[in-house]
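None of the figures in this text is laboratory data; all of them are computed from the coordinates on show. Everything numeric in this text was worked out from a predicted model, so none of it was measured. Positions of Cβ are generated from backbone atoms using ideal geometry, with glycine treated the same way; all protein chains shown enter the neighbour counts.
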C-alpha cells in the first residue's frame with residue numbers, strides 16, 4: 001500500500017470535516033429556505049431516523065478503534081494482524097457507521113426541513129463513496145480473499161431483507 005497510503009484515512013477525515021464545517025458555517029449565515037412545512041409527523045420521523053442512526057453508529061464504533069478510524073493512528077496495514085470485524089452491525093452491512101450517519105443526516109432533514117439540511121445530506125451522500133472506495137481497497141489488501149468473500153456476502157450500506 002505504500003507509505004503515503006497509510007495516511008489516506010486522516011486525509012479523508014480532515015477533508016470531510018472541512019467540507020461539513022464550511023457548509024455548516026455557510027448555512028448559518030443565510031436565511032433558511034424551507035423545503036416543506038414541519039409537522040408532528042416529520043418531527044417524529046426525524047427523531048426516529050436520527051435515533052436509529054445514532055444507535056447503529058455508536059454500536060459499530062464500539063467495535064473499531066476510534067484513533068485508527070479517524071486516521072490519528074496510522075499503520076502499515078499489510079503487517080497488521082487485526083481480525084476482520086464481521087459481528088454486530090457488521091454482519092448486516094459492511095459500513096454501519098456510514099449507514100448510521102446517513103440516517104442521522106436524513107433525520108435532521110425531516111426535523112429541520114430546509115435547504116441547508118438537504119445540502120448537508122447530499123454532501124454526505126456524495127462524499128461517502130470516496131471513503132468507502134479507499135477503505136475497501138485497504139481492506140482487500142489487508143485481508144485478501146477473506147474480505148472479498150465478506151464483500152460478496154454482506155452489502156455495503158443497506159442490509160438485505162431475509163428470505
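Using the count of nearby Cβ atoms within 10 Å as a rough guide to exposure, how do 136, 37 rank from fewest to most? Show your work: numbers first, answer last.
Numbers: 136 16, 37 7.
The most exposed by this proxy come first: 37, 136.
Going by C-beta contacts inside 10 Å, put 56, 85, 33 in order with the fewest on the left. Intermediate results must be reported in sequence, preceding the final value.
Working: 56 23, 85 15, 33 10.
Listed from fewest to most nearby Cβ atoms, that is 33, 85, 56.
Taking only Cα atoms, what is the 0 to 90° angle, nearest 10, from helix 115-143's long axis to the longest principal axis of the chain?
Approximately 10 degrees, to the nearest ten.
Can you tell me the relative contact order of segment 5-153? Whole percent, Cα pairs under 8 Å, sequence separation 6 or more. Each step should come with its number before you reach the end.
On the way: 141 pairs, mean separation 55.8, N = 149.
Dividing the mean separation by the residue count of segment 5-153 yields 37 percent.
Roughly speaking, what is the stretch gain from residue 141 to residue 82, that is 0.36 nm per residue apart minus the C-alpha to C-alpha distance, in nm to one decimal? Don't skip to the end; give the middle numbers.
Details: separation 59, 0.36 × 59 = 21.24 nm, distance 1.31 nm.
Full extension of this stretch gives 19.9 nm more.
Taking Cα centroids, how far is segment 116-163 from segment 81-113 in Å?
10
If one takes the longest principal axis of the Cα atoms in the chain, at what angle in degrees, from 0 to 90 and to the nearest 10, does the Cα axis of helix 8-28 lie?
Around 0 degrees separate the two axes.
P(r) for the chain, please, calculated from all Cα pair distances in 5 Å bins and given in %.
2, 8, 14, 19, 19, 15, 10, 7, 4, 2, 0
Taking the Cβ of each residue in 64, 112 as the centre, tally the other Cβ atoms inside 10 Å and list the residues starting with the fewest. Write down the numbers at each step before the final one.
On the way: 64 14, 112 19.
The most exposed by this proxy come first: 64, 112.
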